[in-house]
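Let me begin by presenting the structure, written as structure tokens, before commenting on it.
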Amino acid sequence: MKDPVSDVLNRLKTSSRAGRESISFPYSKYYEAIMKVLEKEGYISSYEVKDKKSFKELEIELKYVNDAPKIKNVRRISKSSQRVYSSAGDIKPTRGGLGLKIVSTSKGVMTDRDARANNVGGEVVLEIY
């Protein structure tokens, strides 16, 4: 697997479109930081770190509104082959503020709104709506 973050995002998108209640994948601190932002913004119901005998897993509860998935689309912006960095002033709102971008900054993983408010730039990881 060349880009594990893209794999996780693809699992989120396809599982929500298929109507699954939950998904799980191998644990990473980076994945947990992204899921924390998605939970705070209301795109997933919850996440939990499950400690198996030899490894950890992240289990995600997907969120639906009126039987429609909350996650309509997820797009990876910064790829392993081409990283995308932006300063705080250059991060534009997604879909007129209806979606969000997740930015990995020196102060942690946060939304584009939080990055602009804290005046920090960083790697634009993904956009979700």
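Here, each number is a calculation from the coordinates, and none is a lab measurement. Quantities reported herein were computed from a predicted structural model and do not represent experimental measurements. For neighbour counting, all protein chains shown are included, and Cβ atoms are generated from backbone atoms with ideal geometry for every residue, glycine included.
Worth pointing out:
- Rounded to the nearest 20 debye, the dipole magnitude of the stretch 4-128 is 280 debye, with +1 charges on Lys and Arg beta carbons, -1 on Asp and Glu beta carbons, and the Cα centre as origin.
- The modelled label-to-label distance for the pair D3/S80, using points 7 Å beyond Cα in the direction of Cβ, is 1.0 nm.
- Matching label, Cα Rg over 2.2 N^0.38 Å computed from the structure shown, candidates (1) 1.04; (2) 1.14; (3) 1.09: (1)
- Centre-to-centre separation between the Cα atoms of the stretch 84-114 and those of the stretch 25-80: 18 Å.
- In plain terms, the chain from F55 to K29 could stretch by 8.0 nm, reckoned as 0.36 nm per residue minus the Cα-Cα distance.
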